[in-house]
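See below for the structure under consideration.
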Amino acid sequence: MSKPKGWKDLPSGGMIKEAGNAAQYNTGAWRSDRPIWIKENCIQCMFCWIFCPDSSVTVKDGERGEFDYMHCKGCGVCAMECPAKEKAIVMMTEAEGARPDALEKAKAIAKKMAEEKAKAKK
């Protein structure tokens, strides 16, 4: 019978040991919340791209593109930083965000949030 291994003998797991290699790890599978992008509300400020800690906001030809859901962890920083009057990014649960009607629901949420914010300013 072999001696059980101690914690120091176990291989490292779940660690990024060198800078700049996050793209090698697909971490989106354990996300519980998902950002939904509402293109027509987007003002192309790129705050979401700047603040995303996972580089999950794509940019093509100088304009914001879709999310890279394989790397997005659902932290919500992009939605929090979005300065658009009617938010261009709304967070939904992973299950809600994967449904075919997610975009329409996100639009309704963004509209309601804008109305509530305007009401609060009065």
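Observations
- Test result for A19, part of a loop (DSSP other than H, G, I, E, B), among the hydrophobic types (A, V, I, L, M, F, W, C) and exposed (fewer than 15 other Cβ atoms within 10 Å of the Cβ): yes
- Among the numbered conditions (1) within 17 Å of A106 (Cβ to Cβ); (2) in a loop (DSSP other than H, G, I, E, B); (3) out of contact with any Ser or Thr (no Cβ under 9 Å at 6 or more places or on another chain), the only one that E40 does not meet is (2).
- Here A29 passes the criteria (1) at pLDDT below 90; (2) surrounded by 12 or more Cβ atoms within 10 Å (Cβ to Cβ) except the one numbered (2).
- Condition check for V90: free of Cβ contacts under 8 Å to residues at least 24 places away in the same chain and either farther than 14 Å from A106 by Cα or not in a loop (DSSP other than H, G, I, E, B) (or both): no
The values are calculated or read from the model by the stated rules, or taken from the named source; none is laboratory data. Small disclaimer: the values here were computed from a predicted structure and weren't measured. Counting neighbours? That spans all protein chains shown, and the Cβs are built from the backbone with ideal geometry, glycine included.
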